[in-house]
Amino acid sequence: MGTFGGISTALSSLIAQRTALDVHGQNIANANTRGYTRQRAELGAITTVQVPSMFATSDGVGAGVRVTGVARADDAFLDAKLRTQTAGAAYLTARAEVYATLESSLGEPSETGLASALSTFWADWHDVANNPHVSSTRAVLLDDARQLADSLHQLHADVATQWRQARTTAITLVDQANATAANVAELNGRILGVTVAGGAAHELADQRDLLVTQLSDLVGVTVQPREDGQLDLFVGGNALVFGSTARVLTVAGAADFGQAAGYDATPAYGVHLEWADRPGQRVPMAAGEVTGLLTALAAPEPDGTGGILTEAAMRLDAVATSLVERVNAIHYTALTTGGTTNQNFFVPLAAGSAAAQIGVAISAPQDVAVAAAGLGANDGSIGQLIADLGLASDGPDDEWNRTVVETANRTAAALSRSTVAELARTSAEQDQLAQASVDTDEETVAMLAAQRAYEAAARVMTAIDEMLDVLINRTGIVGR
Amino acid sequence: MIDRVTALTVQRSTLANLQNNLTSMARLQAQMSSGKKLQRPSDDPAVAGEAMHLRATGRRLSQYTRNAADGDSWLATVDSALIASLATMRRVRELVITSGDAGLGPASREALAVEVTELHGDLLSQANSRYQGRTVFAGTSDAGVAFDAAYTWTGSPGAGVERRIGATTSVRVDTDGSAVFGEGAGSVFALLDDLVAGLGANQDVNDRLDQIDARMEALLSAAASNGSRQRVLQSVGTALSTQALTVKTQLQAAEDIDLAEVIMDLQLQEVAYKGALGAGARVLQPSLLDFLR
């Protein structure tokens, strides 16, 4: 090593420690930046060239330190875990929210729900059967029957509205996913540009990771990193982002509730996603909020695994159908006080939703028939039979009770599953943050270390300077 | 893995815990203010189903109670009509026996005939007794009278007015007038007409006593059957109100909160929340920078 070699060693340390301090400064500056991953200046000792040979001049002392690179303290496994858990939790939460809204629109158990309207309706039949000659009881019955029909209309309209809102939300979310995918593709391009130029694009990578997590939340992407630092994202096995190009997802399928529930289309078809450049080809979805909404928007299945909302509408239709058909079947045989018979109480059902179209066919109180043939004008025995429908084991009341309890059961299950998934997501996020986030105490300590090393390197420089001072200025003045 | 703990992760977990505590507080608060255990059916689907069932049962029981009360009034009307008719018939019987006195002259028999005519009117109006506009001895008829001027019964054979007092139980609340009073020429009214005619012609009508006794027998048995149905209805009414009370209690047990328990839970939750706040304040504040100069 030459005479002045020590000074350059000290200089290398001054430069390296200052760079390290800069990196800590960047960390502290971004301590609260969302998605920021802490960085470290990686220091490496510079070795002297040491080729073993007879006349090797090296004394084996190293030539100082240099910054070999700035590392980003990310963990690909923790990132992947966070993305998977986010996608799963978003899917379950979307479903749980649909169920919770549906459940609250059923409005049971209460004093004002459909069950109560049904009870009132049957009680009215009791009253009419008891006093067939009093026209006011019939008028009350007709009013309450119309109210009952209105309740069913309202319930059905609520479900249909919820379906339309869910579809609008799905469209908005898919738009958002497309915009995010385009951003990821653009960032891929910029990162590639920086890395091929030999730079470090850590801040861009931070931004991209945030966007990818958002995409997982929306459509549940799977991630495939490339050697050159780009990320490819896949949905349902096909690339959503491939290098610096992004593809576009569109919402296709049923445009209105009638098609999804099968009122306006046979067979019913739900809502699904397609690639914009491959129309007609359905994208199989596995996770994410959009997927959760799509399961709510799907067509009903015979085994009850179809769309949440369309199946709820089917249940309402079953209640309405049972009500209309059973009441009509009995009422048809009854005689009015005027002796008229073969009349429907409810308007017979046409194609489409029974719950949406149910209506009372009778407008005049005297047309309500409760008498059996040959048992006198004031007989009420048939009315009594209709009143007894309230107790029928597969009557409308029973059907409605089962609908409410089943919806409640499914809501409870969906809520608890989404709570569990959300806990898992939180823990994955916590793990990821624990790895990536900046700790100010740690940075303070590292800053202290860098500062001390800088001071010591400066001292080394001073020591060598003083040593040389002795050599230059004091040599050859012996005895002077 | 061993978690690295940073200021950010501590902040996050502190916030999450505070959120959890506040959510529990809000749930208890909602229970307190609404007085209901369940805010939505999914809080406990089984209880929600039970509550719906109990509410429907309660509604049905109150309808049965109304039916029973209405039926009781019908039966009371029938009962008083039958008792009055029996009294009338007893008086008729006495008059018929009196008519057998050989010393009676045409004027006296004429006087008896006048009284029997009166009684005939009474009996017919008893037989046409009405409750809420309906003839109780021809329940399903809308003719306004159970027996018209020709003593034709206006009811329908086999028909009856029934009141539903249980899921499968009904009680008949009218009485078949044709069985009690007879119809047309065979009716008790025709019999009384005959008596009037006989007495008017100054005859001894004691040979009719058997027919009178048969009619009284029919009246008595109708009154007995009516009374027993009334007793059934009254006891069912009592049972119904007991059941209604039970259902109400069950519904309250299923739906309503135990106030003391919720207040206690709320108190505990408040302590937990304050603890979490205190712990958060302690762990978030200090930093290494406080100790470096």
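Assorted remarks:
- Of all the residues in segment B:152-164, those that are away from chain A (no Cβ under 11 Å) and either under 26 Å from the mean Cα position of the chain (by Cα) or over 24 Å from A:G338 (Cα atoms) (or both) number 0.
- Any pair with Cβ under 9 angstrom, 6 or more apart, that starts in segment A:404-422 at a residue that is touching a residue at least 12 places away in the same chain (Cβ under 8 Å) and ends at one that is aromatic (F, W, Y): A:T407/A:Y99; A:R410/A:Y99; A:T411/A:Y99; A:A414/A:Y99; A:L415/A:Y99; A:S418/A:Y91; A:A421/A:Y91
- Residue in segment B:22-38 that is farther than 30 Å from B:R231 by Cα, aliphatic (A, V, I, L, M) and out of contact with any helix residue (DSSP H, G or I) (no Cβ under 8 Å at 6 or more places or on another chain) present: yes
- Cross-chain or 6+ apart pairs with Cβ under 8 Å, segment A:202-214 first and over 15 Å from A:V23 (Cβ atoms), then surrounded by fewer than 21 Cβ atoms within 10 Å (Cβ to Cβ) and among the hydrophobic types (A, V, I, L, M, F, W, C): A:L204/A:V194; A:V212/A:V223
- Residues that are surrounded by 13 or more Cβ atoms within 10 Å (Cβ to Cβ), of a type in the set (G, A, S), farther than 23 Å from B:A48 by Cα and outside the structural domain of B:R109 (by TED's automatic domain parsing) are absent from segment B:216-232.
- Subset of segment B:118-151 [part of a loop (DSSP other than H, G, I, E, B), in contact with a strand residue (DSSP E or B) (Cβ under 8 Å, 6 or more places away or on another chain) and more than 7 Å from chain A (Cβ to nearest Cβ)]: B:N128, B:S129, B:V136, B:F137, B:A138, B:A143, B:G144, B:V145, B:A146
- Of the residues in segment A:148-161, none is within 30 Å of A:G376 (Cβ to Cβ), among the polar types (S, T, N, Q) and surrounded by fewer than 18 Cβ atoms within 10 Å (Cβ to Cβ).
- Condition broken by A:V65, with the remaining ones in (1) touching a helix residue (DSSP H, G or I) at 6+ places or on another chain (Cβ under 8 Å); (2) more than 28 Å from A:G306 (Cβ to Cβ); (3) part of a helix (DSSP H, G or I); (4) more than 10 Å from chain B (Cβ to nearest Cβ) satisfied: (3)
- Options A:T341, A:T426: the member that is more than 23 Å from A:A313 (Cβ to Cβ), free of Cβ contacts under 8 Å to residues at least 40 places away in the same chain and not assigned by TED's automatic domain parsing to the domain that holds A:A129: A:T341
- When B:Q19, B:Q29 are checked against the criterion of being part of a helix (DSSP H, G or I), surrounded by fewer than 21 Cβ atoms within 10 Å (Cβ to Cβ), modelled with pLDDT of 90 or more and away from every other protein chain (no Cβ under 11 Å), B:Q29 stands alone in meeting it.
- Sole exception among (1) within 14 Å of chain A (Cβ to nearest Cβ); (2) in contact (Cβ under 8 Å) with a residue 24 or more places away in the chain; (3) crowded, with 23+ Cβ neighbours inside 10 Å; (4) more than 18 Å from B:R163 (Cβ to Cβ) for B:G35, by number: (3)
- Residue in segment B:42-56 that is within 11 Å of chain A (Cβ to nearest Cβ) and within 17 Å of the chain's Cα centre (by Cα) present: yes
- Test for A:R95: is it of a type in the set (K, R) and away from chain B (no Cβ under 14 Å): no
- Within segment A:288-313, being assigned to a helix (DSSP H, G or I) and under 19 Å from A:T161 (Cβ atoms) holds for A:G292, A:L293, A:L294, A:T295, A:A296, A:L297, A:I308, A:L309, A:T310, A:E311, A:A312, A:A313.
The values are calculated or read from the model by the stated rules, or taken from the named source; none is laboratory data. Since the structure is predicted, the reported quantities are computational estimates derived from the model, not experimental observations. Cβ coordinates were reconstructed from backbone atoms using ideal geometry, including for glycine residues, and neighbour counts include every protein chain displayed.
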